[in-house]
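Data block below; observations after.
Derivation of every value follows stated rules applied to the coordinates shown; laboratory data play no part. Here the structure is a predicted model, which means the values were calculated and not measured. Quick reminder, even Gly has a Cβ in these numbers, built from the backbone with ideal geometry, and neighbours come from all protein chains shown.
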Amino acid sequence: MRFMSEHHDFLRSVEAFLKNHSWTPTRFGREMAGDPQFIFDLRGGREPRSDTRKRISSLMSEYSDKGVLPVLRVGIAGLGTVGASLVGMLHKSGPELQRKYGRRIEIVAVSARSRSRDRGVSISEFEWHDDPVALAKNPEVDLFVELVGGEDGPALASVQAALNAVKPVVTANKALLAKHGVDLARLAEKTGAHIGFEAAVAGGIPVIKTLREGLGTASVTRVYGIMNGTCNYILTRMGEEDISFADCLKDAQALGYAEADPAFDVEGFDTAHKLALLACLCFQTEIAADEIFVEGITAITQADIKVAADLGYKIKLPGIAQRSAGGVEQRVHPTLVPRSSAISRVDNVLNAVTLETDHIQELMLSGPGAGGPATAASVLADILDIARGHNVPPLGMPTDELAPYKRAPMQAHKGGYYIRLNVRDVPGALAAITTRVGESGISLESVIQRPDLKVASVNLSDGETRTLVLITQDTMESSVREALDQIADDGYTVGAPQVIRIESF
């Protein structure tokens, strides 16, 4: 009876607000509740959460006293490319955002490593904090934006401080969320705050919102995509211009696509962090970034690029997560993808994420995956959701309902494989290699000898070698590894083999 009475009293106060201020139900839902259907659901008997009632009642009271919704005061920690772009967007679009969403959004305080650095935007009117934790605790800040970066340290401490102060948080920090996302989501649920992290995965592509809110009852069976612009740029240039990995990397650094220390990108860890967040949202499991098989692109050579092209493939670095009977498989590694596939046409610094569900065969979201404006646009989208009072569980469902992560064994992965070997130019080598492959139960689709392709890393003192490429039919990962171990023991090859999986995206 008490809950029915609370619902009735709340509905009565909402109906009185509509009548007194001549608001339509849709406007109220959009500007007060963050859901255009809110009034209609309320009238139909749907019981809102107690924190939702409290928040909306507070907004109605503020509006009744002042005639406008209260200003949303924002504090931004981190004024790099993304932070500066966000400041510029809010400067430029502030009046339009207020007209469209019925609420003014105002930056009131900022924090960064350097106060004097020229960022192309003015920050002189904002209160300055040397410490992002102090900024998060500032009572004049209603919403905290974390763009500091890093999985621990000031980033973690400031986000925790904001959530403990019951302030919503928006972040682009995939490393932080990959390591602490479940704990931070649990803290947000405890305090009633909100975490938005659209910008943490695939920059300007709204994949997080799609997964949290846009799929309805659809169940995701596989998610995959190109999630690192640096790697995609390098592989695209290598394929189109016959340039080495090292030279492409230098160009990427000169253009600002790659960091001075590019290991986090080119070794696949950036993609892995993003994949861990997507897998959590897709499969309702705890985040498990440490359970991902990760292999970067540093070993990709022009020989691989050329043979792949001759066979009708491109080499990409996708992140792939799929549910199976054995658990969830997550992997990041170079992959041969057919040139006819949609993902093969995602080139340069673009990103794309594809969702396979039981209702929709494939849904691909593509666009700029990095850069100040694209990432800042996703940060702003989260801010606008919060300004409208829109609040969903950070990880798509309550943390206590997330299943423990169960890793499906990588060695059980089945598919086709590209195997490049540096084979000694001696009689019997080819026969011995194909025999070992057959003994491991592997059927070969093709055997390609490429004497025109030499791999620079091969030590010529080991004698003349030939480049041999094996393309297998579907087989088990464990079988491939068994065959390669035996081939190495026979002594007919020089150096490490190159193994690239083939996916039929």
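What the table shows:
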read-out: Measure of compaction for segment 216-367 (Cα Rg per 2.2 N^0.38 Å); value: 1.04
read-out: Extent along principal axes [Cα atoms of the chain; Å; largest to smallest]; value: 93, 56, 35
read-out: Karplus-derived 3J(HN,Hα), 6.51/-1.76/1.60, for each residue of segment 377-388, Hz, glycine and proline x; value: 4, 6, 4, 5, 4, 5, 4, 5, 4, 5, 4, 8
read-out: Calculated over segment 84-176: convex hull of Cα atoms, volume per residue (Å³); value: 105
read-out: Check: the chain dipole with +1 on Lys, Arg Cβ and -1 on Asp, Glu Cβ, in debye; value: 1660
read-out: Per-bin percent of Cα-Cα distances, segment 411-502 [5 Å]; value: 3, 14, 28, 26, 17, 9, 3, 0
read-out: Acute angle (nearest 10 degrees) that the helix 269-283 long axis makes with the longest principal axis of the chain, alpha-carbon atoms; value: 60
read-out: Degrees between helix 245-254 axis and first principal axis of the chain (Cα, 0 to 90, nearest 10); value: 30
read-out: 5 angstrom amide H check on residue 445, placed H, neighbours 5+ away; value: 471, 472, 473
read-out: Long-range HN-HN contacts of residue 416 with modeled amide H, under 5 Å; value: 475, 502
read-out: Using θ = phi - 60° and Karplus 6.51 cos²θ - 1.76 cosθ + 1.60, couplings along segment 296-301 (whole Hz; Gly, Pro as x); value: x, 10, 5, 8, 6, 10
read-out: Fewest-first sequence of 230, 285 by Cβ atoms within 10 Å of each Cβ; value: 285, 230
read-out: Trypsin sites (Lys or Arg not before Pro) lying in DSSP loop within segment 81-160, provided at most 13 other Cβ fall within 10 Å; value: 113, 115, 117
read-out: Space enclosed by the convex hull of the alpha-carbon atoms of segment 132-239, per residue, Å³; value: 132
read-out: Cα-based helix-to-principal-axis angle, 153-164 vs the chain, degrees rounded to 10; value: 40
read-out: 19 Å tail of the calculated P(r), segment 372-443, as % of Cα pairs; value: 69
read-out: Rounded to whole Hz, the Karplus (6.51, -1.76, 1.60) HN-Hα couplings of segment 43-49, x for glycine and proline; value: 5, x, x, 5, 8, x, 5
read-out: 222 nm mean residue ellipticity, helices alone, for the chain (DSSP H n ≥ 4; -39,500 (n - 2.57); rounded to 500); value: -12000 deg cm²/dmol
read-out: Segment residue 15-residue 40, length gained on full extension (0.36 nm per residue, minus Cα span); value: 7.9 nm
